[in-house]
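As structure tokens, the structure follows; a few thoughts come after it.
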Amino acid sequence: MQIQPLTESHSEVCAQMFINARRQEQALTPALSCPPDDLENVASKLKDLLKSFPGVAALRDDILCGYLIGFALPEFMSAQRGIYCPEWSHVTVGRERREVYREMYATLSPQWAQNGCYSHAITLFAHDSEAVDVWFGNGFGLNGVDAVRDLMPLNVPINSQIEIRRAAPADASRLLPLMHNLRRHLAEGPVFLPLLEIDCLAELSTWLEEPNHALWFAQHERKAVAFMRGQTAESEQRYIVSGADGIAINAAYTESAWRGTGVASLLLNELLAWAREQGLTRCSVDFESQNIEANRFWLRHFTPACYSVIRRVDERLAWANHKRPIETLW
């Protein structure tokens, strides 16, 4: 096996490899959309990435059996730069997939670290257990889940104590405390997402004005106690679950006193009904795997399509690396 730099000449073959892998995932996840085989689109995405970032190709007997590339992000899951590899930016095929992934990562990851990228993340198809296993073996751990479902209504009893309705821009000030509580919830253990910014009233009002955005909230005695919001899924989430035929849920929160009462299921039902009225066909959601409440709720109603795994490399490698002069070691 030879590991070579990935070039534009590989892009169409790589794109076809990804499309073949996507078909396998779609066969196991019926709620996924089945877009046309957009070879040109995927190849174009790879070419654009290659203009700024390095990639590698694995060949055996001059036949491509894998590729890997990622792009850098500032302050990615830490105060340091990081690399993210979306699901279309890597594929391996053949009987030696594990070794191909290992060798490609072993070749490419030193370049990432040398450029100050100490968080490495990659998104994998949920049913590709072989790929999930090899990346766990590379020191990665689960961090995010993308899940999908159809738009069939849920069998949820009505709760007479609450009122469910769609939010208008005028409701933004009532909903903003719930948005802040969501941010605080995610900043607590075991999720630990830093509370770096909070939602702005003007931004929320503007978001609610968009026709392809929908937010439903539950209120009890005129107080908002839960919300769920979504928008057309095109370009909103992972490539495999994005598309104009779906709705993407991008935020939800229920006050602790109302959890377990069925409020979130009622809100989900309203979003699913709205999506059906828009002529959509499926629904997607993404959430942090460490979020206990999110796991309990979303995986009760959705099927995982992608797992995102991450590894944090010790940033002290910036000075304590293999090229460090021996005389400075003590």
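The values are calculated or read from the model by the stated rules, or taken from the named source; none is laboratory data. Please read all numbers here as calculations on a predicted model, not as lab measurements. Virtual Cβ from ideal backbone geometry, glycine too; neighbours counted across all protein chains shown.
Go over the candidates Leu28, Leu46, Leu50 one by one and state the one that is of a type outside the set (Gly, Ala, Ser), touching a strand residue (DSSP E or B) at 6+ places or on another chain (Cβ under 9 Å) and more than 30 Å from Cys283 (Cα to Cα).
On inspection, the qualifying residue turns out to be Leu50.
So which of Ile249, Ile240 is under 29 Å from Arg23 (Cα atoms), surrounded by 15 or more Cβ atoms within 10 Å (Cβ to Cβ) and free of Cβ contacts under 8 Å to residues at least 40 places away in the same chain?
Sole residue among the options that is under 29 Å from Arg23 (Cα atoms), surrounded by 15 or more Cβ atoms within 10 Å (Cβ to Cβ) and free of Cβ contacts under 8 Å to residues at least 40 places away in the same chain: Ile249.
Is it the case that some residue within the stretch 153-165 is without any contact (Cβ under 8 Å) to a residue 24 or more places away in the chain and either over 30 Å from Lys45 (Cα atoms) or in a loop (DSSP other than H, G, I, E, B) (or both)?
Yes, the stretch 153-165 contains a residue that is without any contact (Cβ under 8 Å) to a residue 24 or more places away in the chain and either over 30 Å from Lys45 (Cα atoms) or in a loop (DSSP other than H, G, I, E, B) (or both).
Residue-wise test of (1) crowded, with 19+ Cβ neighbours inside 10 Å; (2) under 28 Å from Pro304 (Cα atoms); (3) more than 23 Å from the chain's Cα centre (by Cα); (4) of a type in the set (A, V, I, L, M, F, W, C).
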position: Leu6; (1), (2), (3), (4): yes, no, yes, yes
position: Gln16; (1), (2), (3), (4): no, yes, no, no
position: Asn20; (1), (2), (3), (4): no, yes, no, no
position: Glu25; (1), (2), (3), (4): no, yes, no, no
position: Thr29; (1), (2), (3), (4): yes, yes, no, no
position: Ser52; (1), (2), (3), (4): no, no, no, no
position: Ile69; (1), (2), (3), (4): yes, yes, no, yes
position: Gly94; (1), (2), (3), (4): no, yes, yes, no
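Which one is nearest to Gly144 (Cα to Cα), of the residues in the stretch 290-312 that are of a type outside the set (D, E, K, R) and surrounded by fewer than 18 Cβ atoms within 10 Å (Cβ to Cβ)?
My answer is Gln290.
Does the stretch 98-137 hold any residues that are more than 20 Å from Glu25 (Cβ to Cβ), touching a helix residue (DSSP H, G or I) at 6+ places or on another chain (Cβ under 6 Å) and surrounded by fewer than 22 Cβ atoms within 10 Å (Cβ to Cβ), and which are they?
Ala113
If the Cβ limit is 8 Å and pairs must be 6+ apart or interchain, which residue in the stretch 13-27 that is in the same structural domain as Thr123 (by TED's automatic domain parsing) and among the polar types (S, T, N, Q) pairs with which residue that is at pLDDT below 95 and in a helix (DSSP H, G or I)?
From the stretch 13-27, the pairs are Gln16/Leu39.
Does Ala273 meet the test of being modelled with pLDDT of 95 or more, out of contact with any Cys (no Cβ under 9 Å at 6 or more places or on another chain) and surrounded by fewer than 17 Cβ atoms within 10 Å (Cβ to Cβ)?
It is true that Ala273 is modelled with pLDDT of 95 or more, out of contact with any Cys (no Cβ under 9 Å at 6 or more places or on another chain) and surrounded by fewer than 17 Cβ atoms within 10 Å (Cβ to Cβ).
What helices (runs of 4 or more DSSP H), lying completely within the stretch 1-115, carry at least 2 residues that are in contact with a Pro (Cβ under 9 Å, 6 or more places away or on another chain) and over 27 Å from Ala147 (Cβ atoms)?
Where helices (runs of 4 or more DSSP H) fall fully within the stretch 1-115 and carry at least 2 residues being in contact with a Pro (Cβ under 9 Å, 6 or more places away or on another chain) and over 27 Å from Ala147 (Cβ atoms), they are 97-114.
Of all residues in the stretch 79-92, how many are in contact (Cβ under 8 Å) with a residue 24 or more places away in the chain and over 17 Å from the mean Cα position of the chain (by Cα)? Let's see the steps before the verdict.
As a first pass, look at the stretch 79-92 and keep what is in contact (Cβ under 8 Å) with a residue 24 or more places away in the chain: 80-92.
Within this subset, residues satisfying the condition of being over 17 Å from the mean Cα position of the chain (by Cα) are 80-81, 91-92.
Of the residues in that region, 4 qualify.
Might you let me know whether the stretch 143-158 holds any residue that is of a type in the set (Asp, Glu), surrounded by fewer than 17 Cβ atoms within 10 Å (Cβ to Cβ), over 14 Å from the mean Cα position of the chain (by Cα) and over 22 Å from Ala305 (Cα atoms)?
no
Scan the strands (runs of 3 or more DSSP E) fully inside the stretch 222-330 and keep the ones with 3 or more residues being in contact with a strand residue (DSSP E or B) (Cβ under 8 Å, 6 or more places away or on another chain) and of a type in the set (D, E, K, R). Show your work before the answer.
Values: elements: 223-232, 246-254, 282-288, 303-312.
Here the list reads 282-288.
Return only the number of the condition from (1) closer than 22 Å to Leu215 by Cβ; (2) in contact with a strand residue (DSSP E or B) (Cβ under 9 Å, 6 or more places away or on another chain); (3) of a type in the set (S, T, N, Q) that Ser173 does not satisfy.
Answer for Ser173: the failing condition is (2).
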